[in-house]
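K.L.:
For reference, the structure I am asking about is given below.
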Amino acid sequence: MKRVSIHDYGGPEQLVYEDAAAPVAGPGQLLVKVAASSVNPVDWKIRSGATRAMMDFPMPLVLGGDIAGTVVAVGEGVSGWAVGEEVFALIGLVGAYAEYVAVNAAIVARKPVGLSFEAAAALPLVALTAWQALAEDGRELKGKHVLVHNASGGVGTMAVQLAKAAGARVTASASAKNAALVRGLGADLVVDFRASPVDVVAKDVDILLDCVGNSAAFALWPLVRAGGSMIRLGGGADDAKPAEAAGVRILKIRVRPDAAQLREIAALVEAGKLRPVVGEVLPLAEVAKAHVASQGGHVLGKIVLKM
């Protein structure tokens, strides 16, 4: 099979398109013939070595967490699955840039009916991140004011739609060129953060979802009313004491695979309440180009890799 791996940490030139033996389905696993994967910022952060202090991997390392494809073998002890079923999954943070993947059957869900493999591959990590981030607050979203900061990226596009589907009033920040897309996803108000400071327009926020993760984004916490929450997907150890003293909870999440949540996400897709946003589809062999684009920080939605 073909795969993309790195043999050392570094720049995009470390990505190697190579031949490798296909895995087999072990006990409790499904063997999936992968039709598409996608690129997430964590991929190039791992590749560069930026996350090495928190998680170091043996080499060679196959990157990628999202897969969409077809079951070609069912491992011992697995029930409820059959060869030929179309699936999608977040398999973790690594292992997905390959034509075949052996994956724990418990974290796999059936692909949304009618959705292409490329579109399905754009969903798992970003949809689960948005889902888990909004759920982390623990409150009913109906009637609440949710601000999604950086709403045109992978997680942001999902968060806008999920919050809206739950009955929230959604304010979103996005550049002028992406405002129409974000509005079309359900945002009630879109703030062009380059032309208008977010803190001038957005007020009395119940939940602020920070998809940026820098200190400037963290400085938006005063927009959140007392008793509300700021949920961070990244960023450093900014001083949260002033926010907490003002009655604002600061939460930080790390996405985890969850088949049950993927099934609910699939149901929303099939009901027309959630759609993936695919900015570009590239062949797996051009993954370095995808990493450069993702690292540049201006990707609309997701870059998908086609096997």
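The values are calculated or read from the model by the stated rules, or taken from the named source; none is laboratory data. Small disclaimer: the values here were computed from a predicted structure and weren't measured. Cβ: placed from backbone, ideal geometry, glycine included. Neighbour counts: every protein chain shown.
K.L.:
Does the range 230-246 contain any residue that is of a type in the set (A, V, I, L, M, F, W, C), within 29 Å of A36 (Cα to Cα) and out of contact with any Ser or Thr (no Cβ under 7 Å at 6 or more places or on another chain)? Walk me through it before giving the result.
P.N.:
Within the range 230-246, the first condition is being of a type in the set (A, V, I, L, M, F, W, C), and the residues that meet it are 230-231, 233, 237, 240, 243, 245-246.
Narrowing the set further to residues that are within 29 Å of A36 (Cα to Cα) leaves 233.
The next check asks that each one be out of contact with any Ser or Thr (no Cβ under 7 Å at 6 or more places or on another chain); those that pass are none.
Checked against the condition, which is being of a type in the set (A, V, I, L, M, F, W, C), within 29 Å of A36 (Cα to Cα) and out of contact with any Ser or Thr (no Cβ under 7 Å at 6 or more places or on another chain), the range 230-246 yields no hits at all.
K.L.:
Can S294 be described as in a helix (DSSP H, G or I) and farther than 17 Å from A89 by Cα? Steps first, please.
P.N.:
Details: in a helix (DSSP H, G or I): yes; farther than 17 Å from A89 by Cα: yes.
In short, yes.
K.L.:
Turning to a different aspect of this structure: Taking helices (runs of 4 or more DSSP H) that fall entirely within the range 198-268, which contain at least 3 residues that are of a type outside the set (F, W, Y) and within 24 Å of the chain's Cα centre (by Cα)? Break it down stepwise before answering.
P.N.:
Numbers: elements: 198-201, 215-218, 241-245.
Output list reads 215-218.
K.L.:
Among the numbered conditions (1) exposed (fewer than 15 other Cβ atoms within 10 Å of the Cβ); (2) within 21 Å of the chain's Cα centre (by Cα), tell me where M59 comes up short.
P.N.:
(2)
Residues are listed down the side, and each one gets a yes or a no for (1) closer than 29 Å to G64 by Cα; (2) small (G, A, S):
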| position | (1), (2) |
| --- | --- |
| L147 | yes, no |
| V160 | yes, no |
| A163 | yes, yes |
| N178 | yes, no |
| L185 | yes, no |
| P222 | no, no |
| K241 | no, no |
| L251 | yes, no |
| D258 | yes, no |
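K.L.:
Considering A130, A109, A119, which residue is surrounded by 24 or more Cβ atoms within 10 Å (Cβ to Cβ) and touching a strand residue (DSSP E or B) at 6+ places or on another chain (Cβ under 8 Å)?
P.N.:
Details: A109 fails: surrounded by 24 or more Cβ atoms within 10 Å (Cβ to Cβ); A119 fails: surrounded by 24 or more Cβ atoms within 10 Å (Cβ to Cβ).
Among A130, A109, A119, only A130 is surrounded by 24 or more Cβ atoms within 10 Å (Cβ to Cβ) and touching a strand residue (DSSP E or B) at 6+ places or on another chain (Cβ under 8 Å).
K.L.:
Of A119, A82, which residue is free of Cβ contacts under 8 Å to residues at least 40 places away in the same chain and more than 30 Å from M230 (Cβ to Cβ)?
P.N.:
Working: A119 fails: free of Cβ contacts under 8 Å to residues at least 40 places away in the same chain.
A82 is the lone residue from the list that is free of Cβ contacts under 8 Å to residues at least 40 places away in the same chain and more than 30 Å from M230 (Cβ to Cβ).
K.L.:
Follow-up question, since we're still on this one. Only one residue in V83, V4, V78 is in a strand (DSSP E or B) and either buried (at least 17 other Cβ atoms within 10 Å of the Cβ) or not aromatic (F, W, Y) (or both), so which one is that? Explain how you work it out, then say what you get.
P.N.:
On the way: V83 fails: in a strand (DSSP E or B); V78 fails: in a strand (DSSP E or B).
From the options V83, V4, V78, the qualifying one is V4.
K.L.:
Scan K273, K302 and give me the residue that is assigned to a loop (DSSP other than H, G, I, E, B) and either of a type in the set (S, T, N, Q) or touching a helix residue (DSSP H, G or I) at 6+ places or on another chain (Cβ under 8 Å) (or both).
P.N.:
Details: K302 fails: assigned to a loop (DSSP other than H, G, I, E, B).
Only one candidate passes the filter, namely K273.
K.L.:
From the set of residues in the range 159-174 that are in contact with a strand residue (DSSP E or B) (Cβ under 8 Å, 6 or more places away or on another chain) and farther than 22 Å from V299 by Cα, which is surrounded by the most Cβ atoms within 10 Å (Cβ to Cβ)? Before you say what the answer is, go through the steps one by one.
P.N.:
Filtering the range 159-174 for residues in contact with a strand residue (DSSP E or B) (Cβ under 8 Å, 6 or more places away or on another chain) gives 159-160, 163-164, 168-174.
Adding the requirement that they be farther than 22 Å from V299 by Cα leaves 164, 168-169.
On the way: K164: 20, A168: 25, R169: 18.
Only one residue tops the list, namely A168.
K.L.:
State all residues of the range 49-72 that are modelled with pLDDT of 95 or more and of a type in the set (S, T, Y); if no residue qualifies, say none.
P.N.:
Correct list: T70 only.
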